[in-house]
Amino acid sequence: MGPDGSAQSIRPPLTRPDAAPLRVLVVDDHDLFRTGLCALLAERGFEIVGEAPDGEAAVERVRWLRPDVAVVGLDLSGLSGAETTRRLLEALPGVRVFGFLVSADPPTVSQAVGAGVHSYLMKDASVEEIVDGIRLTAAGESVLSPSVATLILDRLRAERGRAEPEDAVPLTHREREVLPLLVEGKSNIEIAAALFISPRTVKNHIASILDKLGAENRIQAAVEAVRRGLV
């Protein structure tokens, strides 16, 4: 991003509330990428609780590994990245899913959004983008590569002929200011700086927006906002 917060001086911690390192499960069918990513994250202070070469193995292992974040290659062969995500969330509802993409392929992205992936980055993202993205995802935010955001939103705008009227969603004036920035993939810190309010206030506004749009996370909120013609 933008949304990964890599350029920010204030970053979410690498630890959980109990001061233990963030626990990560890495799922990808490319052995070299998976092994290299595990090593990189371990060097940066994450606890790699396990890795899996495919979706079925990931779903089996997540129940007893209990990671904070599952890093999933969304272009998995066999069980798809979207279906893997869906089953991971069913097996361990509290896990956050951080998705990697080789390319911003429309069907893959659309299916992943529907499955509940919390964050998306391209596999060619920088080390800092990856590290900060996982931190932010664990902290409850959503990270979105600009190319993925553009693909999702452009496609939705092209299909918006049946959008609901804007007045169907009772957003406050401030929420209407926050929403376009959320759709652009801005982090809470970036939104706060743009609107001259505190990150905590931004977090409260986003929680209200998600509730009003019936969205489980920021990405789903962005999708719903575009579908309804709110941005």
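Of note:
- Residues in region 60-106 that are open to solvent by 10 Å² or more (accessible area, probe 1.4 Å), touching a helix residue (DSSP H, G or I) at 6+ places or on another chain (Cβ under 8 Å) and under 19 Å from ALA42 (Cβ atoms): ASP68, ARG96.
- Looking only at region 182-204, and only at residues there that are within 19 Å of HIS118 (Cα to Cα) and open to solvent by 40 Å² or more (accessible area, probe 1.4 Å), the one that is farthest from the chain's Cα centre (by Cα): ASN204
- Residues that are in a helix (DSSP H, G or I), modelled with pLDDT of 70 or more and either among the acidic types (Asp, Glu) or under 24 Å from the mean Cα position of the chain (by Cα) (or both) within region 162-181 comprise ARG174, GLU175, ARG176, GLU177, VAL178, LEU179, PRO180, LEU181, listed in sequence order.
- Residues in region 21-32 include at least one that is farther than 28 Å from SER110 by Cβ and assigned to a strand (DSSP E or B).
- Qualifying residue in region 74-81 (condition: under 22 Å from ARG218 (Cβ atoms) and outside any loop (DSSP other than H, G, I, E, B)): yes
- Among (1) surrounded by fewer than 24 Cβ atoms within 10 Å (Cβ to Cβ); (2) at positive phi; (3) modelled with pLDDT under 85, the one test that GLU159 misses: (2)
- For region 33-55, the set of residues classified as outside any strand (DSSP E or B) and buried (at least 20 other Cβ atoms within 10 Å of the Cβ) consists of LEU37, LEU41, PHE46, GLY55, listed by residue number.
The values are calculated or read from the model by the stated rules, or taken from the named source; none is laboratory data. On a predicted model such as this, the values are computed, not experimentally measured, just so you know. Note that each Cβ is placed from the backbone with ideal geometry, even for glycine, and that neighbours are counted across all protein chains shown. The protein model used for the area step is the full one, side chains on, heavy atoms only, and it has no ligands, DNA or RNA in it. Shrake-Rupley method; radii C 1.70, N 1.55, O 1.52, S 1.80 Å.
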